[in-house]
Amino acid sequence: MKKILPLIAALSISAGVSMAQEMSFENYNPPSTLKVPQNPVTRAKFPFVDIHSHQGGINEAKIDQLVREMDELNMGVLVNLSGRGFGRGDSNTQQEYIKSMIQEFNTHAPGRFMVFTNLNFAGFGDSEWSRIAVKELEEDVAAGASGLKIYKSLGLNSVDINGKRIPVDHPDLDPVWAKAGELGIPVIIHSADPAQFWQPMDSTNERWLELKLNPNRKRSATDPVPFEQIIAEQHHVFAKHPKTTFINAHMGWMANDLDAAEAHLEKYPNVNFGIGAVIAEFGRQPKRAKQFFIKYQDRVLFGKDAYNPQEFHTYFRVLETEDEYFPYYKKYHAFWAMYGLGLPDEVLKKLYYKNALRIVPGMDKSQFPD
């Protein structure tokens, strides 16, 4: 028996090692043992504008809940980009939806919410589409909309009356971009998805885990077209309409290449960047990202995109502190750790609210510092 026990123990150890070796990447998520100063931030240092949010089901109870959460975060203004209800229903239904939403916000929390309208691509390709789209944009702005949001569906899966993909730079959209410039409202535009969604799904793809968990996000050169083509179409719009102010959502998928981001801003002086959903890219290159934010402090706007109050804390910590090696909140977006940029106060103020106050018309300035 004395000889058998060590053998059993050895077999148990071997089995444990084998199980560990077979553990999947999805399950491997060890807490860090690194001992470094921890300065979590649950409330922004300055009041801020969230330029990129999506909210539905707006009523008094929902508004009260949002205001409580906003106050805890120190969010001064939330910009709801889903003014026409994510494109549901016909044009008349969508128009009533946005008017009702604006009225609810203004009645129950005046000054705390702004609403951007959206385009209805039904009937695109008809000779009357551009005229109707411009008319609806004018009417929505007259009703209180402060900007235009373009979803990524344009360029990916929006189709015309013949079933063909609508390019981002289709000529029939030119009157819309021009009218936004005339009205003095910004256009926040999301084009394509991260370039990795078009790349082979193998061990060299940083977004492998995300694609495994969400296979519907995988793209290819024929589904619908190459990534580079969609991005080129977007940039063509910026070049064709220099008098229109654009906010390139998600840093135009250039947050992982800040040299390209800088070149983009230099080439298109009418373009700004929204930082929604790309904070993890800044958190892994704090020195370079800090240089970028300081240099282009007048061209960046704070945004979160998916609304989850607890996730804002990571944004604050990356932007405000000099903490080292702290976790991101979604492993499938960033399996790497975050580092704080420690941005100067004046840069934070511009990122958090000053740039938004300058770009978005009608925003209540009284709740923000000078």
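The values are calculated or read from the model by the stated rules, or taken from the named source; none is laboratory data. Since this is a predicted model, take the numbers as computed values, not measurements. Note: ideal-geometry Cβ built from the backbone for every residue, glycine included; neighbour counts use all protein chains shown.
Within the stretch 8-55, restricting attention to residues that are among the small types (Gly, Ala, Ser) and either surrounded by 14 or more Cβ atoms within 10 Å (Cβ to Cβ) or at pLDDT 95 or above (or both), which residue is nearest to Leu78 (Cα to Cα)? Quick ask: steps written out before the conclusion?
Initially, the stretch 8-55 is screened for residues among the small types (Gly, Ala, Ser), giving 9-10, 12, 14-16, 18, 20, 24, 32, 44, 53.
Those left that are additionally either surrounded by 14 or more Cβ atoms within 10 Å (Cβ to Cβ) or at pLDDT 95 or above (or both): 44, 53.
Values: Ala44: 14, Ser53: 7 Å.
Filtering first and then ranking leaves Ser53.
Can you give me the number of residues within the stretch 200-229 that are under 14 Å from Asn157 (Cα atoms) and either of a type in the set (D, E, K, R) or modelled with pLDDT under 95 (or both)?
Residues that pass the stated criteria total 4.
Among the residues that make up the stretch 110-132, is at least one of them within 24 Å of Thr245 (Cα to Cα), of a type in the set (Val, Ile, Thr) and surrounded by fewer than 17 Cβ atoms within 10 Å (Cβ to Cβ)?
Yes.
Yes or no, residue by residue, for (1) touching a strand residue (DSSP E or B) at 6+ places or on another chain (Cβ under 8 Å); (2) touching a residue at least 12 places away in the same chain (Cβ under 8 Å); (3) in a helix (DSSP H, G or I):
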| position | (1), (2), (3) |
| --- | --- |
| Arg84 | yes, yes, no |
| Ile102 | yes, yes, yes |
| Met114 | yes, yes, no |
| Ala122 | no, yes, no |
| Asn162 | no, yes, no |
| Asp174 | no, yes, yes |
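Among the residues of the stretch 208-247, which ones are touching a residue at least 60 places away in the same chain (Cβ under 8 Å) and in contact with a Ser or Thr (Cβ under 8 Å, 6 or more places away or on another chain)?
Hits for the stretch 208-247 are Ile230, Glu233, Gln234.
Does the stretch 325-356 hold any residues that are surrounded by fewer than 19 Cβ atoms within 10 Å (Cβ to Cβ) and within 20 Å of Ile294 (Cβ to Cβ), and which are they?
Within the stretch 325-356, Gly342, Pro344, Asp345, Glu346 meet the criteria.
This table checks each residue for (1) aromatic (Phe, Trp, Tyr); (2) within 17 Å of the chain's Cα centre (by Cα); (3) closer than 19 Å to Glu72 by Cβ.
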{"site": "Asp298", "(1), (2), (3)": "no, no, no"}
{"site": "Lys304", "(1), (2), (3)": "no, yes, yes"}
{"site": "Pro309", "(1), (2), (3)": "no, yes, yes"}
{"site": "Thr314", "(1), (2), (3)": "no, yes, yes"}
{"site": "Arg317", "(1), (2), (3)": "no, no, yes"}
{"site": "Tyr328", "(1), (2), (3)": "yes, yes, no"}
{"site": "Asp345", "(1), (2), (3)": "no, no, no"}
{"site": "Lys354", "(1), (2), (3)": "no, no, no"}
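How many residues does the stretch 254-263 contain that are under 18 Å from the mean Cα position of the chain (by Cα) and in contact (Cβ under 8 Å) with a residue 24 or more places away in the chain? So that I can check it myself, show each step before the final result.
Narrowing the stretch 254-263 to residues under 18 Å from the mean Cα position of the chain (by Cα): 254-258, 261.
Restricting the remaining residues to those that are in contact (Cβ under 8 Å) with a residue 24 or more places away in the chain gives 255-256, 258, 261.
Final tally of qualifying residues: 4.
Which condition number in (1) out of contact with any Phe, Trp or Tyr (no Cβ under 7 Å at 6 or more places or on another chain); (2) farther than 22 Å from Trp208 by Cα; (3) of a type outside the set (Val, Ile, Thr); (4) part of a loop (DSSP other than H, G, I, E, B) is the one that Phe335 fails?
(2)
I'm trying to understand the selection: among the residues of the stretch 55-82, which are within 19 Å of Lys354 (Cβ to Cβ), hydrophobic (A, V, I, L, M, F, W, C) and not in a strand (DSSP E or B)? I'd like the intermediate steps shown before the answer.
Taking the stretch 55-82 and keeping what is within 19 Å of Lys354 (Cβ to Cβ), we get 70, 73-79.
Now drop any that are not hydrophobic (A, V, I, L, M, F, W, C), which leaves 70, 73, 75, 77-79.
Result: Met70, Leu73.
Scan (1) part of a loop (DSSP other than H, G, I, E, B); (2) touching a strand residue (DSSP E or B) at 6+ places or on another chain (Cβ under 6 Å) for the single condition His52 breaks and write down its number.
Every listed condition holds for His52 apart from (1).
For (1) out of contact with any helix residue (DSSP H, G or I) (no Cβ under 7 Å at 6 or more places or on another chain); (2) among the acidic types (Asp, Glu), each residue gets a yes or a no:
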residue: Leu258; (1), (2): no, no
residue: Pro286; (1), (2): yes, no
residue: Phe292; (1), (2): no, no
residue: Asp298; (1), (2): no, yes
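Can you find a residue that is more than 22 Å from Trp253 (Cα to Cα), touching a residue at least 12 places away in the same chain (Cβ under 8 Å) and crowded, with 22+ Cβ neighbours inside 10 Å anywhere in the stretch 306-315?
No: the stretch 306-315 contains no residue that is more than 22 Å from Trp253 (Cα to Cα), touching a residue at least 12 places away in the same chain (Cβ under 8 Å) and crowded, with 22+ Cβ neighbours inside 10 Å.
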